Amino acid sequence: AEQAACLVANIDSLVVDYVTRHKVGGLNFNFFIVKQLPILPPDSYSKKDTAFIAIRVLELTYTACDLQPWALDLGFDGEPFEFNPERRALIRAELDAWYARAYGLSREELRYILDPAAVEGSEYPSETFRVLKKNEEREFGEYRTQRLVLEAWDKLERGELH
C-alpha cells in the first residue's frame, strides 16, 4: 500500500505533469508516452521517504468511509479526514517539493516549472500552468501553488518537514 501511495503521489506531482505536457502533442495520450514518463522506481524510496509520502497521500485520499480499506492497508484505523481545501493545498505543495528534490531539481528549476516568466522575465513567451495561475490569482490574489510549493521546498531544505 505504501508503494501504491508513492506511485499515486509521483504520478500526481508537478514534475510529472510538466514532463507530460511536453510529451503530449495533441489530444492523444498513447501508451508509448506513459512508458516515457519519469516515474521513480519503488527502490528509489527509503523507509523515511515512504512514510513522508504515504501519510500525506492517506490524508489526501481518505476522505470518505468507503475508502476505509485503503486507510487500513496504510495502517490507519481512524475516521476519514476532513476535506479541507487549504490543508490539501499545503499537503500537495509538500509532496510537489519533495518530488522536485527527488528528481534532483534546483529551487530555480522548480520556479521555472511553476512559472517560466518568473525566472526568464515577463516577456517570456511560454507558461506552464497558465490556467492554474490565472484561477488562483483570481481566487486568492496570488499564484498560491507557486508560493506554497516554494515554501515547502525551503522547509525541506531546512529539515523542517518530516
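Bear in mind that the values in this text are calculations on the coordinates, not laboratory data. Fair warning: this is a prediction, and the values are worked out from it, not measured in the lab. Counting neighbours? That spans all protein chains shown, and the Cβs are built from the backbone with ideal geometry, glycine included.
What the table shows:
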| item | result |
| --- | --- |
| Net charge contributed by nearby residues that have their C-beta within less than 12 Å of A54 (K/R +1, D/E -1) | -1 |
| In Hz, Karplus ³J(HN,Hα) per residue of region 69-75 (6.51, -1.76, 1.60; θ = phi - 60°; x = Gly, Pro) | x, 4, 4, 5, 4, 8, x |
| Gyration tensor (alpha-carbon) shape descriptor, region 78-125, a/c threshold 1.5 | oblate |
| Where only alpha carbons of the chain are counted, the Rg and the Dmax (Å) | 16.6, 52 |
| Calculated log₁₀ intensity ratio I(q)/I(0) where the Debye formula runs over C-alpha points of region 36-100, q = 0.11, 0.15, 0.26, 0.29 Å⁻¹ | -0.29, -0.54, -1.16, -1.23 |
| For region 132-162 and region 61-86, distance of Cα centres in Å | 24 |
| Degrees, to the nearest 10: 47-61 long Cα axis against longest axis of the chain | 90 |
| Most mobile listed residue (A118, A71, A152) in the chain, GNM with C-alpha springs under 10 Å | A118 |
| Directionally averaged shadow of region 80-162, computed from the convex hull of its alpha-carbon atoms, nm² | 6.5 |
| Kirkwood hydrodynamic radius over Cα pairs of region 1-81, then Stokes diffusion coefficient at 10 °C and 1.306 mPa s, in µm²/s | 113 |
| Nearby lysines by direct alpha-carbon distance to K155 (threshold 19 angstrom, same-chain neighbours under 8 apart not counted) | K48 |
| DSSP loop chymotrypsin sites (Phe, Trp or Tyr not before Pro) with at most 11 other Cβ within 10 Å excluded, longest remaining stretch of the chain | 84-162 |
| Region 21-109: GluC sites (Glu not before Pro) in DSSP loop, at most 14 other beta carbons within 10 Å | E82 |
| Lys/Arg +1, Asp/Glu -1 at C-beta; the chain dipole; positive extreme among V19, L156, Q146 | V19 |
| Net charge, P41 excluded, C-beta distance under 15 Å - Lys, Arg +1, Asp, Glu -1 | -2 |
| Nearest-ten-degree value, helix 14-23 long axis tilted from longest Cα axis of the chain | 50 |
| Neighbourhood net charge (14 Å Cβ-Cβ; Lys/Arg +1, Asp/Glu -1) for E79 | -4 |
